[in-house]
Amino acid sequence: MSKRRLLTLLLSVVLTLTVVLVPDGSVFASEYDSRIPTPEILDCQGIGYNMVAFGVSMSSSYDCEIYRATSENGTYKHVDTLVQSGLSWMSLDNGYWQASCKKKKITCLRNDDATEYIFYDSTLTFGKTYYYKVRLVQNESHGDFSQVISGAPVLGGADVTIIKGFANPSVKPKLYWNGIKGCQGYKIYRKTSGAEWKRVKTVKGAKNLIWTDTSARKGKMYSYRIRAYRVSGGKTYYSDYSNVFRVSTKTPKIKGKYNKGSVYGPYLSTKELQDVKRAVQGFKLNYIKSDMSDYEKIEAAYLFMQNTCTYAYAGWQYNQANTAWGALVYGEAQCSGYARGMKALCDAIGIPCYYVHANSKSLNPSHQWNQVKIDGKWYILDAQGGYFLVSGKTYRYTGMRWNTKGLPTCKSDYFK
């Protein structure tokens, strides 16, 4: 949202009569204090299936009353009030502070210097447009109303994102995506090189986020994209299209150690190692570009592991959670699976990488991680633990110890 400076009304002390339509539709004479600035709503937009957000530039010296209607010239009802006195603000990571308004129907965010406020109304009905105006209040006096601005809930806020895809054991493309809350399902589109996009599947249900393309054939390169939908009032609404994601059903040609006894999982079968290879192929096709630096490549691999794999709390012995198969194919792993999966990704994209195991002197003797070489220097990378390109000294603060014989020294933290 762009910041716009609110012009403060520096007028003489005059009380002016105005006519205000109150919630029950009646009319009464209400005095407003011209010393209190008239606020301006900066912007209003839908950010979810039941939510809109709008900004107000104002001072922390004033409370703010929020009014809403379902038509521009309709009845504006008092929805909530931001009461500044005694309000408890919670700090957020993005530099903003969050609090609830008095009736807890609207949430408010403000910036550090308390000059810009963003209000989130999540009590709305999809398919309707809402109209807002606000006014500032100080003690028992209020200023004039702002202009009216409108917004409507949308299928969006967070886009549909295809995060992972590869050919399954039957060599059929399998897609995984992040969905959109409030949708009723997803439309999946497919194309091959030189062809037009064609809808190939409607997946019903907002929480169904995995699909296998059983109509695909071997030896092909397919591109996919997805959009969410919701039907309201006889009309179908759509989100934006997702990113385009490619899946190959050709025999993968990926560098790595895919023989029996592999570091990716010493007890993985030939079939499981091929599954890993296809999963790595899917990563490389969609996340790695030829002009990327080594740093950009390792960052992409690290974020991929963070976003597509969760910790296997059930134990390492379930679903190959201590192997690259668990991390990259099944999507659940323990530290050993994360480290073996990262090793497979690094081997495929040309990043020198070691698989490292803690020794008996460690706080956790079973823990495992990686060492990677970026820009001529070696660093610790622990995808499961959340450590990205740190020195051996920094990593030892976690209580980890390891046998350094045969391993390069990680002398410094990486500062980009």
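Each reported figure results from applying straightforward, stated rules to the coordinates on display, with no laboratory input. Note that the structure is a prediction, hence the values are computed from the model and not measured. For neighbour counting, all protein chains shown are included, and Cβ atoms are generated from backbone atoms with ideal geometry for every residue, glycine included.
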request  = For S412 paired with N359, estimate the spin-label separation in nm (one decimal), with each label point 7 Å from Cα along the Cα-to-Cβ line.
outcome  = 2.7 nm
ask   = Rounded, prolate or oblate: which fits the stretch 39-149, taking a ≥ b ≥ c as square roots of the Cα gyration tensor eigenvalues, rounded meaning a/c under 1.5, else prolate when a/b beats b/c?
value = oblate
task = Using Cα pairs closer than 8 Å and at least 6 residues apart in sequence, work out the relative contact order for the stretch 161-248, in percent.
result = 33 percent
remark   = Residue-ordered couplings for the stretch 139-153, obtained by feeding phi - 60° into the Karplus form 6.51 cos²θ - 1.76 cosθ + 1.60 and rounding to whole Hz (Gly and Pro as x), are 6, 10, 10, 9, x, 7, 6, 6, 5, 8, 9, 10, x, 9, x
query = What's the exposure ranking of V56, V280, going from fewest to most Cβ atoms within 10 Å?
reply = V56, V280
inquiry  = Pairs of alpha-carbon atoms within less than 8 angstrom and 6+ residues apart define the contacts here; what relative contact order does the chain have, in percent?
reply    = 10 percent
note = Rounded to the nearest Å, the spacing of the alpha-carbon centers of the stretch 97-115 and the stretch 310-334 is 41 Å
remark   = Computed, not fitted: 222 nm per-residue ellipticity of the chain from DSSP H runs ≥ 4 (each -39500 (n - 2.57)), nearest 500, equal to -4000 deg cm²/dmol
inquiry  = Quick check: pseudo-label points 7 Å beyond the Cα along Cα→Cβ at V231 and Q98, how many nm apart are they?
reply    = 3.4 nm
key: For the stretch 194-260: span of alpha carbons on each principal axis (Å, largest first)   = 57, 30, 21
inquiry  = Please list, ordered by chain and number, the residues whose modelled amide H lies under 5 Å from the amide H of W402; skip anything fewer than 5 residues away on the same chain.
reply    = N359
Likely footprinting exposure, D43, D112, D347, fewest C-beta neighbours within 10 Å first = D112, D43, D347
Positive-end residue of Q368, G157, Y229, charge dipole of the chain with Cβ unit charges = Q368
request  = Calculate, for D291 and N243, the FRET efficiency according to 1/(1 + (r/R0)^6) with r their C-beta to C-beta distance and R0 22 Å; round to the nearest 0.05.
outcome  = 0.75
ask   = Over the stretch 15-151, what is the relative contact order in whole percent, taking alpha-carbon pairs under 8 Å and six or more residues apart?
value = 30 percent
ask   = In sequence order, what are the phi-derived ³J(HN,Hα) couplings for the stretch 298-308 according to the Karplus relation 6.51 cos²θ - 1.76 cosθ + 1.60 with θ = phi - 60°, rounded to whole Hz, with x for glycine and proline?
value = 5, 5, 4, 5, 4, 5, 4, 5, 5, 8, 10
task = Note down, for the chain, the three equivalent ellipsoid semi-axes (square root of 5 times each alpha carbon gyration tensor eigenvalue), biggest first, whole angstrom.
result = 53, 29, 17
request  = Using a/c under 1.5 as the rounded threshold, could you call the stretch 270-396 rounded, prolate or oblate? The axes a ≥ b ≥ c are square roots of the C-alpha gyration tensor eigenvalues, and prolate needs a/b larger than b/c, oblate otherwise.
outcome  = oblate
query = Separation of the stretch 340-355 and the stretch 166-240 by C-alpha centroid, Å?
reply = 30 Å
inquiry  = Within a 10 angstrom radius of the beta carbon, how do S193, S85, S269, S150 rank from fewest other beta carbons to most?
reply    = S85, S193, S269, S150
